[in-house]
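The values are calculated or read from the model by the stated rules, or taken from the named source; none is laboratory data. Here the structure is a predicted model, which is why all the values come from computation and not from measurement. Counting neighbours? That spans all protein chains shown, and the Cβs are built from the backbone with ideal geometry, glycine included.
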Amino acid sequence: MTQDRETSETWPLEPGSEADTRRIFLKRAGGLVLLAAGGLAWRAYDTGVFSVGRGPAYEPWKTWQGQGPSEGPLALVRAGVLAASVHNTQPWLFRVGAESLELLADPGRHLGPMDPYRREQHISLGCALENMVLAAGAQGLKPEVEFLPGKLAEPQAEVPIAPAPEVVARLRFTPSRRDISGLYAAISQRHTNRGPYLADRGVPRETLWAFNDLAREDDSLRLVLLEDGGRRAVFDRLMVDATEAIVADREMIEASNSWFRLTPREIEQHRDGPTIDSFGLPPLSLAAVKMLPKPEPEKTHRQWVAATRDVQLATAPLVGIIAVRDPYERATALRAGLFWQRLQLWATAQGLAMQPMNQIVQMIDRDRQQARTSAFAADLAEILGDGRWQATLAFRAGYPAVAAVPSPRRGIDGLVLEEAPASSLREADLIAEQSGFSVRPTTDPSVARDPTRSQ
Ligand SMILES: Cc1cc2nc3c(=O)[nH]c(=O)nc-3n(C[C@H](O)[C@H](O)[C@H](O)COP(=O)(O)O)c2cc1C
């Protein structure tokens, strides 16, 4: 009987007893709730709410130690691809030999008008170098780093259709004692954190001293740290202004947006770019943002400006600027990358969060490319206070309020070139770095040194 009644029910409700009507109504309402819940669950599944940090695009974070200490130079590549890179562009290719490894710039992977001189592309390549230097130590290989000298290329009006990969640095190895440093162990723990930091938990003095110690290992760069006060206020204002300027520059913002991967499908297809998971949102907001329809670009641009001002700067107890003599010199950009990666690994081992915030320097490049007088350059120079140094990377640091998650990575397949590329450098084209820099893994991150006491 019940069966008959159930199958004969139609919508809208047919007249019957009040109890019948209520029962039928409740059953249908329940069905609708279940349907809605099922739909929501499907939407949550489809938009990757349950798959944060999961899937093939995240495997390189788990398998990076490969076949262990005897694997040799290929192990360096696995570590290299986990490095930071601007917009997660992963602009690297590798050529592996028994006693050396070449790092090449992948000419198609850059931010175009947002990085017109490929300065940030080269910093990213330097980040990969740092991971590889540390991994070499763990393999029992002592690396010597050689850089491609010269200036970064001027922006080209017309990009060649198929530009060749270009060797930018080479590691040469000699066998040595295995050196598994704390920095090496932090390679797979390091993730850019764009969420709120604990505003009232400052970075300890001894950590700031240790940051400065790390910077002093390379005299081609200078580190400026700002907690509060007038210069910090100017820095924050410039950062918000630069973010607004990027949003207002159609070419820049379109180049930036083209790297964002918003759905699980896009992530698995490209295995690069920033993702919604990497925005640093608390779990409930993250789920909501993923499940809601894609907002208009103008809205996301406003949200970026607001997050920069009200979350990232407002909660950061510390900001910093890496300054160099000439940001448009190749080896300098690579060395800034080595340092930035090293600093992040060190900070990671201390439980600190970090995020590059490079909008100001990106605007300085854009002004230069467009031959405009740059108010950003002038104001940032005042913060640095010494005309011989120019900013190449700015960042914030603090203790995280929300844990950062991994970003996708391409595996090493397809990134290791078999043949010598057409533009491979002759010996004479590379400069060998002298002692003090070529053997890098020296600082143990577990020991925060106080330079005033060690002198
Ligand atoms: C040269 C350079 C510039 C960067 N600039 C920014 C930036 O302005 N804002 C930001 O949120 N992240 C920035 N990043 C961080 C990258 O987006 C991040 O490294 C990349 O998405 C990979 O994520 P991961 O660092 O968590 O592995 C920058 C990284 C590099 C190397």
Handout entry: Residue count, segment 68-95 (criterion: modelled with pLDDT of 95 or more and farther than 19 Å from Gln341 by Cα)
Key = 1
Problem - Lone qualifier among Arg194, Arg177, Arg222 - being touching a residue at least 12 places away in the same chain (Cβ under 8 Å) and more than 26 Å from His87 (Cβ to Cβ) - result: Arg177
Practice task
For segment 319-336, state whether one or more residues are within 11 Å of the ligand (Cβ to nearest atom), surrounded by fewer than 24 Cβ atoms within 10 Å (Cβ to Cβ) and not aromatic (Phe, Trp, Tyr).
Solution key: no
Practice task
Would you confirm whether any residue within segment 253-269 is small (Gly, Ala, Ser) and more than 27 Å from Leu104 (Cβ to Cβ)?
Solution key: no
Practice task
Output the residue which, of all residues in segment 124-142 that are of a type outside the set (Gly, Ala, Ser) and touching a Lys or Arg at 6+ places or on another chain (Cβ under 8 Å), is nearest to the ligand (Cβ to nearest atom).
Solution key: Glu130
Practice task
Just one of (1) farther than 26 Å from Ala371 by Cβ; (2) away from the ligand (no atom under 12 Å from the Cβ); (3) in contact with a Lys or Arg (Cβ under 6 Å, 6 or more places away or on another chain) trips up Leu152, so point out which.
Solution key: (1)
Fill in the blank from the handout: (1) under 20 Å from Gln189 (Cβ atoms); (2) surrounded by 24 or more Cβ atoms within 10 Å (Cβ to Cβ); (3) of a type in the set (Val, Ile, Thr) all hold for Val361 apart from (1)
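Let's see how each residue does on (1) part of a loop (DSSP other than H, G, I, E, B); (2) of a type in the set (Asp, Glu):
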site: Trp259; (1), (2): yes, no
site: Asp277; (1), (2): no, yes
site: Pro295; (1), (2): yes, no
site: Ala316; (1), (2): yes, no
site: Met354; (1), (2): no, no
Handout entry: Boolean, Gly126 is in a helix (DSSP H, G or I) and out of contact with any Gly (no Cβ under 9 Å at 6 or more places or on another chain)
Key = no
Handout entry: Restricting segment 236-256 to residues that are without any contact (Cβ under 8 Å) to a residue 60 or more places away in the chain and surrounded by 15 or more Cβ atoms within 10 Å (Cβ to Cβ), the residue that is farthest from the chain's Cα centre (by Cα)
Key = Val247
Problem - Among (1) over 28 Å from Arg366 (Cα atoms); (2) of a type in the set (Lys, Arg); (3) surrounded by 22 or more Cβ atoms within 10 Å (Cβ to Cβ) - the single one Arg119 does not satisfy - result: (1)
Practice task
Please work out if Gln189 is surrounded by fewer than 21 Cβ atoms within 10 Å (Cβ to Cβ), in a loop (DSSP other than H, G, I, E, B) and within 16 Å of the ligand (Cβ to nearest atom).
Solution key: yes
